[in-house]
Every structure is written in structure tokens, then in C-alpha cells.
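What follows is a short report on a single structure.
The values are calculated or read from the model by the stated rules, or taken from the named source; none is laboratory data. Everything numeric here is computed off the predicted structure, so don't read it as measured data. Here the Cβ positions follow ideal geometry from the backbone for every residue, glycine too, while neighbour counts run over all protein chains shown.
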Amino acid sequence: MRLRFRENGPYVLDLPEGTAFRLGGQEMRLERAKLALCRCGRSAQKPFCDGSHKEGFQAEAGELEAEP
């Protein structure tokens with residue numbers, strides 16, 4: 001699994017398409033091979049990113065990679 005911190009943007013989890021996850025007791029599956037999570041705190045779709053960071057959020061880029 002790889003977690004990217006996009007410069008001035010969201011956290012992005014790189015996972016295989018179709019990966020199952022649970023949110024609020026509901027099981028969901030990834031439609032794409034990545035999941036963008038809000039990092040700025042402004043998203044109306046938390047915990048998911050909706051692009052609200054484009055209104056002036058600033059943060060450094062980074063990356064974390066973990067082996068299963």
C-alpha cells in the first residue's frame with residue numbers, strides 16, 4: 001500500500017481497484033485504483049476529497065509505502 005501526500009492537496013491511497021473497505025459500518029469497494037481523502041478539512045464529502053483544497057490550502061508533499 002502506498003499513501004501519498006499531494007502538495008497542497010489530499011492524501012491519496014493507492015490500492016487495487018475493487019478493494020473493499022468499511023466506512024461508518026457500510027461496506028464499500030473502490031471504483032478506481034486510488035482513494036483521495038480530505039487533508040484540508042473543508043470537504044463537504046468527508047472523509048473523501050471534493051477539491052475544496054484548491055481554495056488556498058497549503059501543505060508539503062510526501063509519501064509513505066508499507067509492505068503487507
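Of all residues in region 1-32, which are closer than 11 Å to residue 64 by Cβ and among the basic types (Lys, Arg)?
Hits for region 1-32 are 2, 4.
Would you confirm, using the coordinates I've provided, whether residue 4 is at pLDDT 95 or above and within 13 Å of the chain's Cα centre (by Cα)?
Details: at pLDDT 95 or above: yes; within 13 Å of the chain's Cα centre (by Cα): yes.
The answer is yes for residue 4.
Output the number of residues of region 33-56 satisfying the condition of being assigned to a strand (DSSP E or B), of a type outside the set (Phe, Trp, Tyr) and either out of contact with any Phe, Trp or Tyr (no Cβ under 9 Å at 6 or more places or on another chain) or over 25 Å from residue 67 (Cβ atoms) (or both). Break it down into steps so the answer makes sense when it comes.
Taking region 33-56 first, the residues assigned to a strand (DSSP E or B) are 34-37, 48.
Restricting the remaining residues to those that are of a type outside the set (Phe, Trp, Tyr) gives 34-37.
Of the ones still in play, those that are also either out of contact with any Phe, Trp or Tyr (no Cβ under 9 Å at 6 or more places or on another chain) or over 25 Å from residue 67 (Cβ atoms) (or both) are 34.
Matching residues across region 33-56 total 1.
Does residue 59 meet the test of being at pLDDT 95 or above, surrounded by fewer than 12 Cβ atoms within 10 Å (Cβ to Cβ) and part of a loop (DSSP other than H, G, I, E, B)?
Values: at pLDDT 95 or above: yes; surrounded by fewer than 12 Cβ atoms within 10 Å (Cβ to Cβ): no; part of a loop (DSSP other than H, G, I, E, B): yes.
So residue 59 does not fit the description; no.
So, in region 20-55, exactly how many residues are small (Gly, Ala, Ser), at pLDDT below 95 and under 18 Å from residue 8 (Cα atoms)?
Residues in region 20-55 being small (Gly, Ala, Ser), at pLDDT below 95 and under 18 Å from residue 8 (Cα atoms): 0 in total.
Looking at the structure I just gave you, is residue 18 in a loop (DSSP other than H, G, I, E, B) and under 14 Å from the mean Cα position of the chain (by Cα)?
No, not satisfied.
In region 1-27, what residues are of a type in the set (Asp, Glu) and touching a Gly at 6+ places or on another chain (Cβ under 8 Å)?
Of region 1-27, the ones of a type in the set (Asp, Glu) are 7, 14, 17, 27.
Result: no residue meets the conditions.
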